[in-house]
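Enquirer: Would you mind keeping the following structure in view while I ask a few things?
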Amino acid sequence: MLSSSTTTYEEGRLAAVKSYNILDTAEEKDFDDLTVLASAICQTPIAFISLIDDKRQWFKSRMGIAETETPIELSICATTIVSELDILIVEDARQDERFAKNPMVTGATRMTFYAGVPLVNEDGFALGSLCVIDQHQKQLTSEQTTALKIIAKQVVDKLELRKKAIALEKIHQELIDSNLFIQKFAAMAAHDIKNPMTSILLTAQALQMRLKKIDDKSCERLIDLNITSTKCLMALLDDMIAYSKSPSLLLTQKQTVNLPEMMRKVISMINVPDNFTIQVPTENRQLNISSIAIDQIFINLLTNAIRYNDKEQGIINIRFSEDKDNYHFEIEDNGIGVAREYHEKIFNNNFTLKISDRYNKKGSGIGLSTVKELVKALNGTITLKSEPGKGTTFYISLNKL
């Protein structure tokens, strides 16, 4: 029975092997060159670099043998990595009771001589071994033994470099994706800023005209609307500035948001025609969520619902529910709808249906793809049901964590 310390070591060793993401990968010249070098120095016809998981011995590089892997029960290298020796040498495996009946000895390989150096990483875990094999009994000189150990160290260094290169490539790709995300988000946010700015401009112009009539009491209402729009704009700009300095804030810095207030703020930031009715949830719910992210999601979806509606009376219904783990939203409109074959494609970057909206303008294909990325970043999902001519319903679920 294995001791707890042995079990813990083996679990750590298997995790270490897995962390290199190298099992079952293609041949690589760097490793093959080291295998050839080991064979040449030790003057053996067979050499290989093996990695050992819980079931098999897999050869990252090999020469002189056809097999790409062997069961762990038949692996002599499995003995090497638990031997606690810096090199295991078997001069005549036919006379060694540990290996005499091994198919590598009795079979076509006819292994007689074996030398293996454990591939030990910087954390002390033996990942596998560098091995040389001959069909004849032999001995290694001290120089050959030293050289084999040096080559084994080079194999480990190659593994580490490969691992770090993969990690750097992943980071590089994440940076690329992050930059693309920032660009799309900035483009969408800049577009959304135009709405409160338009409101400010229109109310300011109207105020200018009405100030000529001092006795017009509606001036106070216009001033209030102007101030409200300005505050919304400034809040959005503040969030954008904070996000530009630290993009992670968009997703990690959550606030307590009152649902009706959030809906009122979003609607105040878009241009709602007189022939549109937007029905919003009235229950006084408190959401713990990224304010700027949820605002951008709804601004985009509501703007699209207005732009792509050809009905005499436009109707948008927003519904809300929640369970233990998620917030659920439904945004239903009676607009032009989307054909089924485009239900997935409309979330792709730069994809458009090539149709003009109610203002005779065509979409950029940025909005919905950014919405989907925002939803995904919030650990959520977005789907839709739609029928051409009747309307569209978007279903959004956002994780509370």
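The values are calculated or read from the model by the stated rules, or taken from the named source; none is laboratory data. All values reported here derive from a predicted model rather than from experimental measurement. Heads up, the Cβs are rebuilt from the backbone with ideal geometry, glycines too, and the neighbour counts pull from every protein chain shown. Accessible surface is based on the protein model in full, side chains and every heavy atom, while ligands, DNA and RNA are left aside. Shrake-Rupley method; radii C 1.70, N 1.55, O 1.52, S 1.80 Å.
Enquirer: Filter the stretch 340-360 for residues that are over 14 Å from Thr383 (Cα atoms) and among the aliphatic types (A, V, I, L, M) and give the result. Write out each step before concluding.
Expert: Here is the first cut: in the stretch 340-360, the residues over 14 Å from Thr383 (Cα atoms) are 349-360.
Matches in the stretch 340-360: Leu353, Ile355.
Enquirer: Kindly indicate the residue of the stretch 108-131 that is of a type in the set (Gly, Ala, Ser) and not in a strand (DSSP E or B) and also farthest from the chain's Cα centre (by Cα) among those meeting that condition.
Expert: Within the stretch 108-131, the subset of a type in the set (Gly, Ala, Ser) is 108, 115-116, 124, 126, 128-129.
Narrowing further to those that are not in a strand (DSSP E or B): 108, 124.
On the way: Ala108: 47, Gly124: 30 Å.
Ranking the qualifying residues of the stretch 108-131, first place goes to Ala108.
Enquirer: Does Pro71 qualify as being open to solvent by 50 Å² or more (accessible area, probe 1.4 Å), within 43 Å of the chain's Cα centre (by Cα) and not small (Gly, Ala, Ser)?
Expert: Against the criterion (open to solvent by 50 Å² or more (accessible area, probe 1.4 Å), within 43 Å of the chain's Cα centre (by Cα) and not small (Gly, Ala, Ser)), Pro71 qualifies.
Enquirer: Being in contact with a Pro (Cβ under 7 Å, 6 or more places away or on another chain), of a type in the set (A, V, I, L, M, F, W, C), modelled with pLDDT under 90 and closer than 24 Å to Gly367 by Cα, is that true of even one residue in the stretch 269-284?
Expert: yes
Enquirer: If you check every pair at least six apart or on different chains, which have Cβ atoms under 6 Å apart with a residue in the stretch 310-330 that is within 15 Å of Thr383 (Cβ to Cβ) first and a residue that is among the small types (Gly, Ala, Ser) and open to solvent by less than 60 Å² (accessible area, probe 1.4 Å) second?
Expert: The qualifying pairs are Asn326/Ser397; His328/Ser321; His328/Ser397.
Enquirer: Answer yes or no: is there a residue in the stretch 157-169 that is open to solvent by 70 Å² or more (accessible area, probe 1.4 Å), small (Gly, Ala, Ser), in a helix (DSSP H, G or I) and farther than 17 Å from Ile81 by Cβ.
Expert: No, because not a single residue in the stretch 157-169 is open to solvent by 70 Å² or more (accessible area, probe 1.4 Å), small (Gly, Ala, Ser), in a helix (DSSP H, G or I) and farther than 17 Å from Ile81 by Cβ.
Enquirer: Then there is this: Consider Asp325 against the criteria (1) open to solvent by 10 Å² or more (accessible area, probe 1.4 Å); (2) touching a Phe, Trp or Tyr at 6+ places or on another chain (Cβ under 9 Å); (3) of a type outside the set (Ser, Thr, Tyr); (4) under 18 Å from Lys400 (Cβ atoms): it satisfies all of them except one. Which criterion is unmet?
Expert: Looking at each condition in turn, Asp325 falls short on (2).
Enquirer: Take the stretch 36-62 and flag every residue that is under 36 Å from the mean Cα position of the chain (by Cα) and among the β-branched types (Val, Ile, Thr). Explain how you work it out, then say what you get.
Expert: Step one: of the stretch 36-62, the residues under 36 Å from the mean Cα position of the chain (by Cα) are 48-62.
Listed by number, the residues that qualify are Ile49, Ile52.
Enquirer: While we're looking at this one, here's another question. Would the stretch 132-150 turn up any residue that is open to solvent by less than 50 Å² (accessible area, probe 1.4 Å), under 24 Å from Ile72 (Cα atoms) and part of a helix (DSSP H, G or I)? Even if it seems obvious, please write down each step before you answer.
Expert: Of the residues in the stretch 132-150, the ones open to solvent by less than 50 Å² (accessible area, probe 1.4 Å) are 132-135, 138, 140, 144-145, 147-148.
From what's left, under 24 Å from Ile72 (Cα atoms): 132-135, 148.
So of that shortlist, the ones also part of a helix (DSSP H, G or I) come out as 148.
Scanning the stretch 132-150 turns up at least one residue that is open to solvent by less than 50 Å² (accessible area, probe 1.4 Å), under 24 Å from Ile72 (Cα atoms) and part of a helix (DSSP H, G or I).
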